[in-house]
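The values are calculated or read from the model by the stated rules, or taken from the named source; none is laboratory data. Since the structure is predicted, the reported quantities are computational estimates derived from the model, not experimental observations. Glycine gets a Cβ as well: all are built from the backbone with ideal geometry, and neighbour counts include every protein chain shown. Just the protein is used for accessible areas: all its heavy atoms, side chains included, with ligands, DNA and RNA removed. Shrake-Rupley method; radii C 1.70, N 1.55, O 1.52, S 1.80 Å.
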Amino acid sequence: MLDQRFAPAEAEPRLYKAWEENGCFKPSGDTSAQAYSIVIPPPNVTGVLHMGHALNNTLQDVLIRFERMRGKNVLWQPGTDHAGIATQMVVERQLERDGLTRHDLGREAFIERIWQWKKESGGTISRQLRRMGASLAWSRERFTMDEDLSSAVREVFVRLYEEDLIYRGKRLVNWDPILHTAVSDLEVVSEEESGYLWHIRYPLMSSDGHVVVATTRPETLLGDAAVAVHPEDPRYHALIGQAVELPLTGREIPIVADDYVDREFGTGCLKITPAHDFNDYEVGQRHGLPLINVLDHSAAIDLPTSPYHGLDRYVAREKIVSDLQTQGLIEKIDEHRMMVPRGDRSNAVVEPYLTDQWFVRAAPLAAPAIRAVEDGRIRFVPDNWQTTYFEWMRNIKDWCISRQIWWGHRIPAWYDEDHNIFVDRDEAGAQAQARQMHGHAVPLCQDEDVLDTWFSSALWPISTLGWPDQTLEFKTFYPTSVLVTGFDIIFFWVARMIVFGLK
């Protein structure tokens, strides 16, 4: 006798299990039928589904079921992302409760601990999607750290490096002083906050006078390399080429003329700190100024001969301002509203920081991706989002892809004792390169950094189908038919999938 009351909590899991076991969600394998494919935007393995996921996956399921009923050979590709920083933070917090850090465990044991966590807690999203009734091809479920997907990541890195589209260099990056890693521009959230504008007197070397600079970050004064004025500002024209004494340091720095200076901001005199400000870096390059790094990886002052050495940046700020006041070098202090950049994971104020990192040369890769949208091969719905895409892609900067964490795809680069770099798919290949250079085997150590999570997720549509092997699935289902995702990751993910897919 049928129960008079429908009980979805009993019926739905039973029916779903039967559908899945009977292969109802697998591609039909009918090569004569038209192929139709969608990759799920892989949710972070750390998370649980929220209402946005429910909406997104329902829309995908509607499309998938409709095309399946039309007789097409349909693939809806499931899986999750290893979410480098987010996952490492989860496991590090667990260690903190036991009074430990990842350094107490060491790299290998810490990574084993993450895999253990993933085994115990990482399946929540898959269970939730099943409970929603999403008709994903579960037999093909993937994880971005699976070995074959990791192999695809290494393959891409090596190929791009061999074409000089990946390089290593000392550049300014956004540095998170809590996580101790570089983060991308897209992982920095800038919001207006209350602060101060300090007007500081820099004594002229040639006379008893001074110039006044206005700054929101007086602690970076220690790394100043020049004072800049606008070349057409009549107030300072006679001072261009002269020098000032940098307060609290005794160093002499030049006064330079540069169009970057805003004559209306502050006093029209700008302190130039090339190692701690992205715009100042560009000014410094134009004028051949030195790069003076004054911070360590925790954003404390790193100047062993300075009385401020070892002080946290904000503690140092208070002491520097106090010392400037004692010496009569503070003209005035104004309250000031300003944009403050914070890391989206740690909420720490990020610092422009000079360090060695790996980069992708973005512009040559972006050009074909721009054309693919211009000529209609790729279409945004609604189409106004292509404007956002073009704006970013046409002004694209090189992409910093290295992260100073342990969980993720370790960069396939090895170094000898002379710091020569050998990039290959594995250590044996790197060692072969080293033997060719040296004539014999030499000790090598692998780069400690891992790749930005978005590097591997940019390969998701091809790596999940078996690329670089020309598998039947890859030939059948790539390019994918449609992507249902949020506009907020057009830059993070969509553009990068287009770039890597075309390449």
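Data table
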{"item": "Ordering of 205-211, 437-443, 134-140 by burial proxy (mean other Cβ atoms within 10 Å per residue, highest first)", "result": "134-140, 205-211, 437-443"}
{"item": "Extent along principal axes [Cα atoms of the range 309-391; Å; largest to smallest]", "result": "65, 32, 25"}
{"item": "C-alpha long axis of helix 8-21 to longest principal axis of the chain, angle in °", "result": "80"}
{"item": "Over 26 Å [Cα-Cα, the range 377-503], rounded percent", "result": "41"}
{"item": "Per-residue HN-Hα couplings for the range 474-480 [Karplus 6.51, -1.76, 1.60; θ = phi - 60°; Hz; x = Gly/Pro]", "result": "5, 5, 7, 10, 10, x, 6"}
{"item": "Qualifying aspartates and glutamates (Cα of each under 19 Å from Cα of K119; at least 8 residues distant if same chain)", "result": "D81, E92, E108, E141, D146, E147, D148"}
{"item": "The chain: angle of helix 84-97 to the longest principal axis, Cα-based, in degrees nearest 10", "result": "80"}
{"item": "Option label - Rg and Dmax of the Cα atoms in Å computed here, alternatives (1) 27.4, 103; (2) 21.7, 67; (3) 23.8, 76", "result": "(1)"}
{"item": "Nearest-10 value in Å² for the accessible area of K319, using the 1.4 Å probe", "result": "80"}
{"item": "Accessible surface of the range 204-281, 1.4 Å probe, proportion on carbon and sulfur as whole %", "result": "48"}
{"item": "Within the range 392-419: backbone nitrogen closer than 12 Å to the D356 label point (7 Å, Cα to C-beta)", "result": "414-419"}
{"item": "Label-zone membership for the range 258-280, site E232, 7 angstrom Cα→C-beta point, backbone N under 12 Å", "result": "259-260, 263"}
{"item": "Whole-number accessible area per residue in Å² for the chain, which is evaluated in the context of all protein chains at 1.4 Å", "result": "49"}
{"item": "Euclidean distance of C-alpha centroids, the range 256-299 and the range 325-393, integer Å", "result": "18"}
{"item": "Karplus-derived HN-Hα couplings along the range 304-319 (A = 6.51, B = -1.76, C = 1.60, θ = phi - 60°), whole Hz, x at Gly and Pro", "result": "x, 8, 9, x, 9, 4, x, 7, 4, 3, 7, 5, 4, 4, 4, 5"}
{"item": "Accessible surface of the range 295-411 [probe 1.4 Å, protein heavy atoms]: carbon and sulfur percent", "result": "49"}
{"item": "Debye, to nearest 20: dipole size of the chain, +1 on Lys, Arg Cβ, -1 on Asp, Glu Cβ", "result": "1800"}
{"item": "Tail weight of P(r) past 26 Å, computed on alpha-carbon pairs of the range 87-206, percent", "result": "55"}
{"item": "Structure-based [θ]222 nm, the chain - -39500 (n - 2.57) summed over DSSP H runs of at least 4, per residue, nearest 500", "result": "-10500 deg cm²/dmol"}
{"item": "Ordering of 175-181, 415-421, 351-357 by burial proxy (mean other Cβ atoms within 10 Å per residue, highest first)", "result": "175-181, 351-357, 415-421"}
{"item": "Nonlocal amide H pairs with A226, under 5 Å, H built at 1.01 Å", "result": "I272"}
{"item": "Net charge of Cβ neighbours under 15 Å - reference A432; Lys, Arg +1; Asp, Glu -1", "result": "-3"}
{"item": "Surface share of carbon and sulfur [accessible, 1.4 angstrom probe, percent] for the range 46-123", "result": "56"}
{"item": "Among P461, S190, Q128 the positive-end extreme of the charge dipole of the chain (Cβ point charges)", "result": "Q128"}
{"item": "Amide H contacts of V340 (H built 1.01 Å from N, under 5 Å, at least 5 apart or other chain)", "result": "E191, E192, E193"}
{"item": "Protection proxy ranking of 333-343, 404-414, 450-460 - average other beta-carbon atoms within 10 Å, highest first", "result": "450-460, 404-414, 333-343"}
{"item": "C-alpha long axis of helix 362-374 to longest principal axis of the chain, angle in °", "result": "50"}
{"item": "Other-chain or far-sequence residues with amide H under 5 Å of A413's (modelled H)", "result": "D447"}
{"item": "Residue-wise HN-Hα coupling along the range 437-443, computed from phi with Karplus coefficients 6.51, -1.76, 1.60 (Hz; x: Gly, Pro)", "result": "6, 9, x, 7, 5, 9, x"}
{"item": "Potential extension, Q404-E252 segment - 0.36 nm per residue separation minus Cα distance", "result": "51.2 nm"}
{"item": "Whichever lysines have a C-alpha closer than 24 Å to that of K397, once near sequence neighbours (fewer than 8 apart) are set aside", "result": "K170, K503"}
